[in-house]
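For reference, the structure discussed in these notes is given below.
The values are calculated or read from the model by the stated rules, or taken from the named source; none is laboratory data. All figures in this text were calculated on a predicted structure; none of them were measured in a lab. Positions of Cβ are backbone-derived with ideal geometry, glycine not excepted, and every protein chain shown enters the neighbour counts. Only protein heavy atoms, including side chains, enter the accessible area calculation; ligands, DNA and RNA are left aside. Shrake-Rupley method; radii C 1.70, N 1.55, O 1.52, S 1.80 Å.
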There are 2 protein chains.
Amino acid sequence: MRSNLCEGTNSVVTIIDVARAAGVAPSTVSYVLSGKRSISPQTRRVVEQSIRKLGYHPHAGARSLATSRTNVLALVAPLREDLTVMDFVAAVATSARDRDQDLLLLTKDEGPTALRRVISSAIADALIVLDVESADPRLPTLLSLGRPVVLIGAPDQTAGLTCVDLDYETAGARCVEHLADLGHRSIALVGPSPAAYQRGASSAGRFLRGITNAANSHGTHLRARPCAPNYDAVRDCLDTLLAGEPTALVVHNEAVLPIAMAELHRRWLRVPDDLSVVAVCSDTAAISGAVPLTTVPVPAAELGGMAVEMVLRQVAGHTQPEIRLLPPRLTPRASTGPRL
Amino acid sequence: MRSNLCEGTNSVVTIIDVARAAGVAPSTVSYVLSGKRSISPQTRRVVEQSIRKLGYHPHAGARSLATSRTNVLALVAPLREDLTVMDFVAAVATSARDRDQDLLLLTKDEGPTALRRVISSAIADALIVLDVESADPRLPTLLSLGRPVVLIGAPDQTAGLTCVDLDYETAGARCVEHLADLGHRSIALVGPSPAAYQRGASSAGRFLRGITNAANSHGTHLRARPCAPNYDAVRDCLDTLLAGEPTALVVHNEAVLPIAMAELHRRWLRVPDDLSVVAVCSDTAAISGAVPLTTVPVPAAELGGMAVEMVLRQVAGHTQPEIRLLPPRLTPRASTGPRL
DNA sequence: CTGAAAGCGCTTACAG
DNA sequence: CTGAAAGCGCTTACAG
C-alpha cells in the first residue's frame, strides 16, 4: 500500500521530468507553475498530475538564478535572552510564511559584513533589522546596499531609511497621563539596562524623553534609573527610586519585571494601594504575575507583520522611504489605582 | 575620496567580470575561490585583487545549482515565548555561522510539508529539529527525506534517527540523589505545563521517569504536578504539592520559576531553610532571583553546537545514525541545604 | 599551472 | 494556447 512517490532513483526531479511525463514542453510546466500565461484546462490538469505524481519541487537556486529573486527575507536579530526578541522573531517568521517567503536568521553580532554578503550573494532579497541603535554602525552599509531594508526601531538619522516602531516617546507620555489622571504627582522609572542605554537602544532614549517631557508638562516629579536584569541591581535600583517616595512606578524593562514585582512584595509594598505600577512589555509578561499589570504593550506581532509587508512592497518596486510609528495604547489593569 | 567600489552599473558582478579584470579564465577565478587546485602566487594575487576591487560575491543560487550544496541549515523551532527556545536558536545560529553556514528558520507549526519543501527545493542542505515529541508526527517525513537531519530531543522510536539531548532521565536521578544526600525524604516536582505533557514533549516524560525511579530506589516520597505558566496555576500547583509537606522542591519549568519563587516567599517559606529548591533550566534564569538556585542546567549552547556539528558530518557523508545524550551535571548553589 | 566548454534547473522573450 | 532555445552565474571534468 505504499505510494510510489519518490520510488527508484534518488536524484532530483526536474521540470524536464515533469514535462516528459505530461507530454508537454518544459516551458509549459513553468507557465503552469507561475500562472504567467493562459493554459488550456486539460494541459493544466495533466501537468499538475505529473507534478504531484513525481513529487516535483522547483529548485530554488535555479529559480533564483533565472529570476534574481530568492523569496527569502533575512532577519537580523540580537541574540540576547529576551522574550521581546523572541516575540519579534516569531511575528516576522509567521508573517513571512504567510506571504510565501522563507526566513534567514542573521545575528546582530555578525555586523555589517554579513548584511552585505547575504544581499550581494543573492541569498536573500531583503533585510529586516531588529534592535536598531540611535547611531547604528550598520546604517551606512544598509544605505549603500541599494536593496529593500526595513528597520524595526528608529535611529536618530532616518534619511533614506524605512522604519517601523512603536512611538515610544508618546508611550512615555501615555504612562504619565494615566498616572496623573489617577492623582499621582511623583513617578519613578525603572528603565532598560545600562547596557541598552550604552549601546544607544533607540527605544530607551525615546521613551525616557517622552516620559520626562510629559512629567514636566504635568508638573509631575520623575526619577529615572536604568536597571540590569539581576536581583542585586533591581534591589539597588528600587532602593534609589523608592527613597524619593514615589506613588507610582513605570517599568520599561521586561526582564526585570518579575524580579521587581517580587521585590516590591518583599518590601511590603502593596500594588496598587501603596504603589501603582505601569509596565512597557508584551502582554503575556504582564498577566503572568500575581497582579495583572497595567501596560503599554509592545505590539510585536503588528510591528513584525508591518515590517514584512513594507519590505515586500519594496521588493515589488516601491522605493519611497517611510517612517511608521505605531500609536501606543495603554491597557489599564489591576496594578494602577488612584493615589491614596 | 570615495572608493570606486560598486561604481557605475548596479548589476551583479560575476566571475566573468573578475576573470576579465584579472586577465584569466573564469575557471581560474573559481579555483582561486575554492582552493581545489594549485594556483601560481601571482595569479592568485591578481585574482584576489580583482575580487576585492570589484566587490565580487559569488551568486549563491548559481553555486547551489552547480554543486547541489546550499550551505544553509534549516532550524525548525517552536514559536512559543520561551527563553530556552531562544537559547537554542542562539546556539545553533552561532555555531552555524562558525562553520560558514547560514541559518533558515522554520516554525514548528508549518508541519511536515515545510520540511519536505525546504529539502526538496534545495533551499537548505539539512534540518535541525527542536522541541521533538515522543511520537512526533514529523518523524515519518523526516525519515523519508533521505537528507541530513538531527533532532534536539529524543522521541520514543529513534530507529534511523540522529538525536542529541540532555539525558533528562539521569537529570531526574541527579536531583533526587543530591536532595537525598542532604537528608530530604519527601520531594515535590513542579513539572512542565500540561500542554507540554499533552503534546508529549519528550524531555517532560523522561525527566519524570528518571525522578520517579530514583525516588523509589532511594525510598523517597515524590509528588509531581504539571504547571501552566501563570500565577493562578502556580498557586494551585503549590497548594497541592505543599499539602504533602515536602522538604524539597524540584522545578522543571523555566517559565514558572520566578512566579514560584515569589509565591514561596509570599507563603513565608524560606529557601533553603524551610524548603530546598532545585531547578532544571538555563543558568541565566537560575541566578537572576533573590536566591541563586541549585540547578541541573540545560546546556543549550553545547547541544546546539553538537547538533550543528553532527548534521554537518552527515552533510559530508557520514550516514550512521547516532543518539547522544549529554550527562547532566548538578550545580549546587544557595537554594539547597540539609533538611532541618 | 591554466583554459574552453558542458551542464546544473529554471524563466522568458521569440516565434508560431 | 504551446514549443524551442537562450541565458542566468557558477563548477568541474577534459585537455593541454
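Tabulated values for the structure
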{"read-out": "Under 14 Å from the B:Ser11 label point (7 Å along Cα→beta-carbon), backbone N, the stretch A:55-69", "value": "A:68"}
{"read-out": "Positive minus negative residues near B:Ser186 (Lys, Arg vs Asp, Glu; Cβ under 12 Å)", "value": "+2"}
{"read-out": "Largest-first principal axis extents, alpha carbons of the stretch A:170-236, Å", "value": "32, 25, 14"}
{"read-out": "For B:Asn216, label point 7 Å along C-beta direction: distances to other copies, nm", "value": "7.0"}
{"read-out": "GNM top mover of A:Val129, A:Val190, A:Val24 - chain A, alpha-carbon springs below 10 Å", "value": "A:Val24"}
{"read-out": "Rg(Cα)/(2.2 N^0.38 Å) for the stretch A:168-295, N = residue count", "value": "0.95"}
{"read-out": "Tilt relative to chain B, helix B:231-243 - C-alpha long axis, 0 to 90 degrees, to 10", "value": "40 degrees"}
{"read-out": "Inter-label distance for A:Thr284 and B:Thr158, nm, one decimal - labels placed 7 Å from Cα along Cα-to-Cβ", "value": "2.9 nm"}
{"read-out": "Selected from B:Lys108, B:Lys53, B:Lys36 as most flexible by GNM, with chain B as the system and alpha-carbon contacts under 10 Å", "value": "B:Lys36"}
{"read-out": "Cβ-derived FRET efficiency at R0 30 Å, A:Ala135 paired with A:Arg267, nearest 0.05", "value": "0.20"}
{"read-out": "Long-range HN-HN contacts of A:Leu222 with modeled amide H, under 5 Å", "value": "A:Ile187"}
{"read-out": "Proximal charge balance of A:Met310 [Cβ under 15 Å; K/R count +1, D/E count -1]", "value": "-2"}
{"read-out": "Cα centre as origin, Lys/Arg/Asp/Glu Cβ charges: chain B dipole, Debye", "value": "1200 debye"}
{"read-out": "Cα-based radius of gyration of the stretch A:138-197 once divided by 2.2 N^0.38 Å, which approximates compact folds", "value": "1.61"}
{"read-out": "Max mean-square fluctuation residue, GNM over chain A, Cα-Cα springs under 10 Å, options A:Ser217, A:Ser38, A:Ser202", "value": "A:Ser38"}
{"read-out": "Equivalent ellipsoid, chain B (semi-axes from 5 times Cα gyration tensor eigenvalues, Å)", "value": "51, 21, 17"}
{"read-out": "Within the accessible area of chain B (1.4 Å probe), percent carbon and sulfur", "value": "53 percent"}
{"read-out": "Around B:Ser30: net Lys/Arg minus Asp/Glu count, Cβ-Cβ under 11 Å", "value": "+3"}
{"read-out": "Cα centre as origin, Lys/Arg/Asp/Glu Cβ charges: the protein assembly as shown dipole, Debye", "value": "2100 debye"}
{"read-out": "Listed residue (B:Ala180, B:Asn213, B:Cys237) projecting farthest to the positive dipole end of the stretch B:149-276, Cβ model", "value": "B:Cys237"}
{"read-out": "Gain in span if fully extended, B:Ile323 to B:Asp232, counting 0.36 nm per residue against the direct Cα distance", "value": "28.9 nm"}
{"read-out": "Residues along the stretch A:58-79 losing 40 Å² or more of accessible surface when the other protein chains are present rather than the chain by itself (probe 1.4 Å)", "value": "A:His59, A:Ala60, A:Leu65, A:Leu79"}
{"read-out": "Cα long-axis angle, helix A:41-54 against chain A (0 to 90 degrees, to the nearest 10)", "value": "70 degrees"}
{"read-out": "Helix A:202-217 vs. chain A, principal-axis angle (Cα, 0 to 90°, nearest 10)", "value": "40 degrees"}
{"read-out": "Cα lying deepest toward the dipole's positive end in the stretch B:15-58, options B:Ser40, B:Ala25, B:Tyr56, charges on Cβ", "value": "B:Ser40"}
{"read-out": "For the stretch A:188-231 and the stretch B:137-192, distance of Cα centres in Å", "value": "43 Å"}
{"read-out": "Projected label distance in nm at A:Ala316 and B:Asp109, using a 7 Å step from Cα toward the beta-carbon", "value": "2.4 nm"}
{"read-out": "Residue (of B:Val150, A:Phe88, B:Ala201) at the positive-pole extreme of the protein assembly as shown, dipole from beta-carbon charges", "value": "B:Val150"}
{"read-out": "A:Thr43 paired with B:Ser144, simple spin-label distance in nm, labels 7 Å along Cα-to-beta-carbon", "value": "3.1 nm"}
{"read-out": "Whole-Hz couplings from phi, Karplus 6.51/-1.76/1.60, listed for the stretch A:319-327; x for Gly and Pro", "value": "10, 5, x, 8, 10, 10, 10, 6, x"}
